[in-house]
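See below for the structure under consideration.
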Amino acid sequence: MRCLVLALLLCSLAAFANAACYQTMKKPSIVKGNNGQLLIKDPAQDPCQDDTDKDWHEVGSSWTNSQCMECSCGTGGMGCCDRMGRPFGFPEDCEVLYDWKQCNYEVVKKNDHSVYCPHGAVGK
């Protein structure tokens, strides 16, 4: 019984392991050739478009976007992972102050930003 509980716990944690990352795959497109014939275009060398900032990035490049997602463009697509965790479970009288330039945050009292609040975080 103990093994079953442990196995269920480990399986539930696996869902959170990559919760702060995502990947988009490049899709082949159909184009017309010089003779009018339809061809399937391999997108491997096509640049990637950042979902957040809408900027284009060459294959082999890496960047951090305005929402602190660290991304890279490869021949198969684009992958991004959160550079900072996202807070949760803080009291209602608290708020999150994000610093998008430094990619960090503070959870503080709404009426006194010098008082920090307890919280959990997911990601990173």
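The values are calculated or read from the model by the stated rules, or taken from the named source; none is laboratory data. Note that the structure is a prediction, hence the values are computed from the model and not measured. Here the Cβ positions follow ideal geometry from the backbone for every residue, glycine too, while neighbour counts run over all protein chains shown. Quick note on the areas: whole protein, heavy atoms, side chains included, nothing else; ligands and nucleic acids left out. Shrake-Rupley method; radii C 1.70, N 1.55, O 1.52, S 1.80 Å.
The table below lists the values:
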item	result
Selection within the stretch 34-67 - β-branched (V, I, T), farther than 15 Å from R83 by Cβ and outside any loop (DSSP other than H, G, I, E, B)	I40
Residue in the stretch 37-54 that is at pLDDT 95 or above, open to solvent by 50 Å² or more (accessible area, probe 1.4 Å) and in contact with a Cys (Cβ under 6 Å, 6 or more places away or on another chain) present	no
Residue in the stretch 5-19 that is of a type outside the set (V, I, T), part of a loop (DSSP other than H, G, I, E, B), modelled with pLDDT of 85 or more and open to solvent by less than 80 Å² (accessible area, probe 1.4 Å) present	no
The stretch 55-68 - residue that is more than 18 Å from Q102 (Cβ to Cβ) and of a type outside the set (D, E, K, R) and, of those, most open to solvent (accessible area, probe 1.4 Å)	W56
Restricting the stretch 78-95 to residues that are more than 18 Å from D112 (Cβ to Cβ) and in a strand (DSSP E or B), the residue that is modelled with the lowest pLDDT	R86
C71 being modelled with pLDDT of 95 or more and either surrounded by 11 or more Cβ atoms within 10 Å (Cβ to Cβ) or farther than 30 Å from V107 by Cβ (or both)	yes
